[in-house]
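Below is one structure, written out as structure tokens; the observations come after it.
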Amino acid sequence: MAIRPIHLLGSPVLRQRSAEVPAVTDEVRRFIDDLFETMDAAEGVGLAANQVGEMVRVAVVDADGDRFAMVNPVIVESSGRETAEEGCLSIPDHFGDVTRPDRVVIEALDRDGAPYRLEALGLKARAIQHEIDHLDGVLFTDRLSALKRSLLLAKYRKAHKDDASFLKLPEPKTPRSA
Ligand code: NI
């Protein structure tokens with residue numbers, strides 16, 4: 001397993017639509033393990049494949065005590081509406097209020113390639129939708145009002161004006177001592 005560098009806002013891979021995974025092979029499983037490890041190191045609630053530069057429809061989520069991989073995820077039902085603050089590992093330290101359905105049902109393949117159906121509410125539903133957006137090249141900033149989006153992007157650009165690249169390697173977590 002390996003922690004992978006995360007692409008930050010401005011990197012073109014965040015704006016491309018990712019391709020379906022034809023089969024969940026050992027290579028895909030190793031990649032899923034890398035995604036989990038990278039998400040944990042960055043202390044995120046989700047991470048999509050294109051955020052580490054792989055243009056495949058794979059993402060991981062760790063929200064509300066549930067931890068799972070999604071391969072080729074599709075939202076088959078959504079309902080309700082909730083506005084909550086949202087952030088993104090590719091837009092670190094910047095947050096905005098995003099309105100989304102507060103309940104979704106998805107169909108996807110798991111790490112073993114087995115199909116599953118999952119109903120999610122609240123934070124988990126939000127994380128799932130955020131990650132599936134990534135696979136379509138959509139960022140949470142796209143879902144803000146025009147004014148809030150331009151304010152956030154201006155602040156982000158100012159904070160990152162001296163960045164040498166669009167890549168950021170998360171620090172591995174220090175193991176807790178007993
Ligand atoms: Ni994100």
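Estimated from helical segments only, the mean residue ellipticity of the chain at 222 nm is -8500 deg cm²/dmol, where each DSSP H run of four or more residues counts as -39500 (n - 2.57).
Across region 3-9, computed HN-Hα scalar couplings (Karplus, 6.51 cos²θ - 1.76 cosθ + 1.60, θ = phi - 60°) run 7, 9, x, 9, 6, 9, 2 Hz from first to last residue, x flagging Gly and Pro. Separation of region 22-88 from region 115-156 is 12 Å, based on Cα centroids.
Working note: Karplus 6.51/-1.76/1.60 with θ = phi - 60° gives region 149-166 the couplings 5, 5, 5, 4, 5, 5, 5, 5, 4, 5, 5, 10, 5, 9, 4, 7, 8, 8 Hz, where Gly and Pro are set to x. Between amide H atoms placed 1.01 Å from N, distances below 5 Å from Val21 occur with Arg57, Asn72, all of them 5 or more places distant or on a separate chain.
Considering only Pro73, Leu109, Val138, the residue lying farthest towards the positive end of the dipole of the chain is Val138, judged by Cα position with unit charges set on Cβ.
Annotation: amide H of Arg103 within the under-5 Å range of Ser79, sequence separation 5 or more or interchain, hydrogens built in the peptide plane. Summing +1 for each Lys or Arg and -1 for each Asp or Glu among the other residues whose beta-carbon sits under 12 angstrom from that of Gly10 gives +3. Rounded to the nearest 20 debye, the dipole magnitude of the chain is 640 debye, with +1 charges on Lys and Arg beta carbons, -1 on Asp and Glu beta carbons, and the Cα centre as origin. Shown for Arg17, Arg57: other C-beta atoms within 10 Å of each C-beta, ranked fewest to most, produce the order Arg17, Arg57.
All of the numbers you see were taken from the coordinates with simple rules; none came from a lab. All of these numbers come straight from a predicted model, not from anything done at the bench. Note that each Cβ is placed from the backbone with ideal geometry, even for glycine, and that neighbours are counted across all protein chains shown.
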